[in-house]
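Peer 1: Before I ask anything, here is the structure I am working with.
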Amino acid sequence: MATTERPELVSSGAGLASTVAVETHGELGAEGAVRARGYWEGVWLRFRRDKFAIGGGTYILFIVIVGFIGAPIAAKILGHGPDDQFAGGVDPKKLLPVDPFTSVTDQPYPGAVGHFHHTFFVLGGDSQLGRDEFLRLLYGTQTSLEVAVGATLLIMVIGVLMGSLAGFYGGWTDTIISRITEIVMAFPVLLFVIALASTAGARLNGITFGFLGQGVFTLVVVLGIFGWFYPARIVRAQVLSLREKEFVEAARMIGTNDARIIRSHILPHLVAPIIVYSTLVVAQNILAEAGLSFLGLGIQQPTASWGNLLSTAPDYYLTQPWLMVWPGVAILFATLAFNLLGDGLRDAFDPRSTH
């Protein structure tokens, strides 16, 4: 008598475990256990698949090292600083900055008497003042990053605070903060910066706290005060949704005060949008510093920044066009790197994203 073979039944749990093992190229143990991934591990796995984001993050790390570590080392090796002026940095015949890869003497001014040594201008002179363009570009990296990162921190602190209060409490608190946000959005920032630069700008530029460049504090405050409105609106929308969740209601039921609920239950859920938006704001602030310094309203001479390096370059656009190329390329690559990093982080924090 023929017997009918019955198909072997496999539980759905075992099938899922096998699928996970195959997709992760791992092997199941004797008991079929699969290690669960944590939230941040999943974020990292998704992030590292984005090669453009990894490249952007690597370049950001590179310019930070170059600006804050490489610049002092280069000044020590070359034997002069970014603000030192050399008569040899200007071509005596053309009265133009010397070309890249030029050896010049450290004679401070024409006709100076004494025994002078030779130094090397890697990217040539910066202007008719005879300063080293290479060193000023390196130290300009430091200044521009200080402004961009400092302003971003201030923007996010104010924006998260205002957005959290508006979204959590609602009512009159939300109305007042929303009206303040609209006023800041409509405020003529450029006119304010012009007025500030012509009145209290010189005094504010002297505030360095012993480690910042001249004028950095002023730009950080201005960009921070007038740039917090957008993150505040993003955070407000997130908090409006979070405050209705079950875990917030449970915290209220056991008597947790509002400050603790916001700190312990609301803010941890805002980490992802805060990180993503911060990287994008840094890029915006780099461009803002460059634009204001180009107009003569930001970082003032002799302090170097990418913006004021660009401000002097158009005087030589026909004779030494590379003076526009160096700071322009630095600004382009830095903003591109931060934007690529921000896009990659946004996709990594969103489990639904597909590549």
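The values are calculated or read from the model by the stated rules, or taken from the named source; none is laboratory data. The structure displayed is predicted, hence computed values, not measured ones. For neighbour counting, all protein chains shown are included, and Cβ atoms are generated from backbone atoms with ideal geometry for every residue, glycine included. Just the protein is used for accessible areas: all its heavy atoms, side chains included, with ligands, DNA and RNA removed. Shrake-Rupley method; radii C 1.70, N 1.55, O 1.52, S 1.80 Å.
Peer 1: Can you spot a residue in the range 137-147 that is under 14 Å from Ala71 (Cβ atoms) and not in a helix (DSSP H, G or I)?
Peer 2: Step one: list which residues in the range 137-147 are under 14 Å from Ala71 (Cβ atoms), which gives 137-146.
Then drop every residue that is not not in a helix (DSSP H, G or I), which leaves none.
No, every residue in the range 137-147 fails to be under 14 Å from Ala71 (Cβ atoms) and not in a helix (DSSP H, G or I).
Peer 1: Right, next: Which condition from (1) out of contact with any strand residue (DSSP E or B) (no Cβ under 8 Å at 6 or more places or on another chain); (2) under 22 Å from Tyr316 (Cα atoms); (3) surrounded by fewer than 15 Cβ atoms within 10 Å (Cβ to Cβ) is the one that Leu135 breaks?
Peer 2: (3)
Yes or no, residue by residue, for (1) of a type in the set (Gly, Ala, Ser); (2) more than 13 Å from the chain's Cα centre (by Cα); (3) modelled with pLDDT of 90 or more:
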residue: Gly255; (1), (2), (3): yes, yes, no
residue: Arg263; (1), (2), (3): no, yes, no
residue: Ile299; (1), (2), (3): no, yes, yes
residue: Asp315; (1), (2), (3): no, yes, no
residue: Gln320; (1), (2), (3): no, yes, no
residue: Val325; (1), (2), (3): no, yes, yes
residue: Ala330; (1), (2), (3): yes, yes, yes
residue: Ala334; (1), (2), (3): yes, no, yes
residue: Pro351; (1), (2), (3): no, yes, no
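Peer 1: Answer yes or no as to whether Thr303 is in contact with a helix residue (DSSP H, G or I) (Cβ under 9 Å, 6 or more places away or on another chain), on the phi < 0 side of the Ramachandran plot and free of Cβ contacts under 8 Å to residues at least 12 places away in the same chain. Show your work before the answer.
Peer 2: On the way: in contact with a helix residue (DSSP H, G or I) (Cβ under 9 Å, 6 or more places away or on another chain): yes; on the phi < 0 side of the Ramachandran plot: yes; free of Cβ contacts under 8 Å to residues at least 12 places away in the same chain: no.
Answer is no for this residue.
Peer 1: Within the group Arg260, Arg346, which residue is open to solvent by 20 Å² or more (accessible area, probe 1.4 Å), under 21 Å from Ile60 (Cβ atoms) and part of a helix (DSSP H, G or I)?
Peer 2: Selected residue: Arg346, the only one of Arg260, Arg346 that is open to solvent by 20 Å² or more (accessible area, probe 1.4 Å), under 21 Å from Ile60 (Cβ atoms) and part of a helix (DSSP H, G or I).
Peer 1: Can you find a residue that is out of contact with any strand residue (DSSP E or B) (no Cβ under 7 Å at 6 or more places or on another chain) and surrounded by fewer than 15 Cβ atoms within 10 Å (Cβ to Cβ) anywhere in the range 80-89?
Peer 2: No, the range 80-89 contains no residue that is out of contact with any strand residue (DSSP E or B) (no Cβ under 7 Å at 6 or more places or on another chain) and surrounded by fewer than 15 Cβ atoms within 10 Å (Cβ to Cβ).
Peer 1: Here's a follow-up. Which condition does Ala304 not pass, out of (1) surrounded by fewer than 23 Cβ atoms within 10 Å (Cβ to Cβ); (2) part of a loop (DSSP other than H, G, I, E, B), if it passes all the others?
Peer 2: So Ala304 meets the others, but not (1).
Peer 1: Among the residues of the range 90-132, write down those that are assigned to a loop (DSSP other than H, G, I, E, B), open to solvent by 70 Å² or more (accessible area, probe 1.4 Å), touching a helix residue (DSSP H, G or I) at 6+ places or on another chain (Cβ under 9 Å) and over 21 Å from Gln301 (Cα atoms).
Peer 2: Hits for the range 90-132 are Asp99, Pro110.
Peer 1: Looking only at the range 216-230, count every residue that is more than 17 Å from Thr173 (Cα to Cα), assigned to a helix (DSSP H, G or I) and of a type outside the set (Ser, Thr, Tyr) and tell me the total.
Peer 2: Adding up the residues that qualify gives 9.
Peer 1: Which of the residues spanning the range 157-199 are open to solvent by less than 60 Å² (accessible area, probe 1.4 Å) and of a type in the set (A, V, I, L, M)?
Peer 2: Ile158, Val160, Met162, Leu165, Ala166, Ile177, Val184, Val189, Val193, Ala195, Leu196, Ala197
Peer 1: Looking at this structure, is Ile254 surrounded by 15 or more Cβ atoms within 10 Å (Cβ to Cβ) and over 28 Å from Gln142 (Cβ atoms)? Steps first, please.
Peer 2: On the way: surrounded by 15 or more Cβ atoms within 10 Å (Cβ to Cβ): no; over 28 Å from Gln142 (Cβ atoms): yes.
The answer is no for Ile254.
Peer 1: Select from the range 202-215 the residues that are part of a helix (DSSP H, G or I) and without any contact (Cβ under 8 Å) to a residue 60 or more places away in the chain and write down the one among them that is surrounded by the most Cβ atoms within 10 Å (Cβ to Cβ).
Peer 2: Looking at the filtered set, the residue picked out is Leu204.
A quick yes/no check of all residues on (1) open to solvent by less than 100 Å² (accessible area, probe 1.4 Å); (2) modelled with pLDDT of 65 or more; (3) assigned to a helix (DSSP H, G or I):
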site: Glu5; (1), (2), (3): no, no, no
site: Thr19; (1), (2), (3): yes, no, yes
site: Phe52; (1), (2), (3): no, yes, yes
site: Ile69; (1), (2), (3): yes, yes, yes
site: Ala75; (1), (2), (3): yes, yes, yes
